[in-house]
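Worksheet: the structure to be examined is printed underneath.
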Amino acid sequence: MLLVEDDPVSRNLLDHLLKDWGYSTILAADGGEAWEILAGDRSPEIVITDWMMPGMDGIELCRRLRESSRYCYHYLLIISSRGEREDIAQALASGADGYLTKPVDPGELEARLTAASRMLRFQNELIHAREQLRVQATRDALTGLWNRTAFLDLLEVELERAERSQLETGLLLVDVDHFKSINDTLGHPAGDVVLQETSRRLRHAVRSCDFAGRFGGDEFCIALPQFHSRQLRRRVEAIRLAVTREPMRVGNTSISVTLSIGAIVAEGHRRSTSQLIAAADVALYSAKNAGRDRSVCCIPPHIEGTQPGTVPRQCAERCNPGPTTLCILPDQKT
């Protein structure tokens with residue numbers, strides 16, 4: 001808890017009392033010092049503050065703390081030599097949860113703090129439960145990646161930001177090759193291990209600003225915000241090789257896993273999420289049709305060094321690349 005008291009004698013007496021009861025204390029001599037402590041990442045949950053102090057007094061400290069946007073609730077207790085009804089009403093109106101007059105009765109103070117601890121414990125349990133519900137609603141239970149709905153919501157937000165900033169966004173659809181044969185040969189538990197390990201390697205292969213999700217079954221999706229088209233082919237291959245370079249261990253069995261990846265870059269102009277998914281899906285289908293264990297990228301043809309390959313028929317019909325994008329089908333696995 002935070003103890004705010006400008007009188008050093010009163011501050012030390014209260015500090016010793018609180019420590020005897022088992023509380024961990026942080027001391028401040030005035031409201032300004034207390035405000036700096038409360039603005040930190042690990043601010044105390046309980047605040048005991050004097051009213052009359054130089055600079056920012058206890059009333060102003062309570063008011064500022066209540067007006068600020070805080071994720072957690074703070075229990076605020078004001079102590080003062082002022083004991084009129086009007087004083088108590090003013091303290092409570094400022095946001096304080098309790099009010100004690102000096103000299104503070106130790107028994108009453110301990111009872112107030114016990115009630116405060118109980119209330120804050122209940123609050124923390126609610127926050128934990130809410131966080132668990134949020135995770136269940138947004139995360140894939142098997143892999144821990146974003147689930148499909150959450151990923152598409154994040155992608156929509158990112159595309160809106162990219163349109164305002166005229167930035168590019170990369171989108172990858174990733175498929176584990178011949179995953180059904182893993183399930184059929186080794187069983188579904190082994191398939192789950194492969195999906196979990198694939199997810200782990202994908203997480204380590206992307207940047208901190210990227211986000212990955214499980215799109216369904218053995219298919220994953222990765223968004224690359226603020227990405228440049230020139231980097232796409234190299235980056236996609238780096239991600240693919242990060243997953244496939246080393247075999248995966250499933251019990252005593254070593255499994256060599258390969259990936260097919262379809263990738264596209266959305267340039268600054270607006271394209272819907274469904275259009276991007278459809279284009280990336282066409283590129284993914286092309287990678288599979290070309291023999292799997294490779295990536296196919298839809299990239300702007302004006303990129304320096306691009307060597308156009310064949311444009312698949314389905315690309316012309318469904319992706320409609322037009323003059324701004326081009327599907328590259330590599331002759332080799334690069």
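Do we have LEU77 as in contact with a strand residue (DSSP E or B) (Cβ under 8 Å, 6 or more places away or on another chain) and closer than 23 Å to ILE127 by Cα here? Here the answer is yes, as LEU77 does meet what is asked. Listed by position, the strands (runs of 3 or more DSSP E) enclosed by the stretch 1-93 that each have at least 2 residues that are β-branched (Val, Ile, Thr) are 46-50, 75-80.
Of all residues in the stretch 128-146, those that are out of contact with any strand residue (DSSP E or B) (no Cβ under 6 Å at 6 or more places or on another chain) and either surrounded by fewer than 13 Cβ atoms within 10 Å (Cβ to Cβ) or over 30 Å from TYR73 (Cα atoms) (or both) total 12. Here SER94 qualifies as of a type outside the set (A, V, I, L, M), farther than 25 Å from SER24 by Cα, in contact with a helix residue (DSSP H, G or I) (Cβ under 7 Å, 6 or more places away or on another chain) and modelled with pLDDT of 90 or more. Output yes when any residue across the stretch 279-288 is β-branched (Val, Ile, Thr) and modelled with pLDDT of 90 or more, and no when none is. No, the stretch 279-288 has no match at all.
Here is a yes/no grid of residues against (1) crowded, with 19+ Cβ neighbours inside 10 Å; (2) in contact with an Asp or Glu (Cβ under 6 Å, 6 or more places away or on another chain); (3) more than 29 Å from GLU125 (Cβ to Cβ):
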residue	(1), (2), (3)
LYS19	no, no, no
TYR23	no, no, no
GLY32	no, no, yes
THR49	yes, no, no
GLY98	yes, no, no
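Only one of the listed residues (ALA150, ALA137, ALA129, ALA141) is in a helix (DSSP H, G or I), closer than 20 Å to THR198 by Cβ and modelled with pLDDT under 95. That residue is ALA150. Sub-7 Å Cβ pairs linking a first residue in the stretch 276-289 that is in contact (Cβ under 8 Å) with a residue 12 or more places away in the chain to a second residue that is buried (at least 21 other Cβ atoms within 10 Å of the Cβ) and polar (S, T, N, Q), at least 6 apart or interchain, are LEU284/SER260; ALA287/SER260; ALA287/SER295; LYS288/SER260, ordered by first then second residue.
Filtered by the rule that a residue be of a type in the set (Val, Ile, Thr) and under 16 Å from ASP20 (Cβ atoms), the stretch 99-126 gives VAL104, THR114. Look at the stretch 94-110: where a residue is part of a strand (DSSP E or B) and a partner is surrounded by fewer than 19 Cβ atoms within 10 Å (Cβ to Cβ) and of a type in the set (Ser, Thr, Tyr), sitting 6+ places away or on another chain with Cβ atoms under 8 Å, you get THR101/SER81.
The values are calculated or read from the model by the stated rules, or taken from the named source; none is laboratory data. Please read all numbers here as calculations on a predicted model, not as lab measurements. Cβ atoms come from the backbone with ideal geometry, glycine included; neighbour counts cover every protein chain shown.
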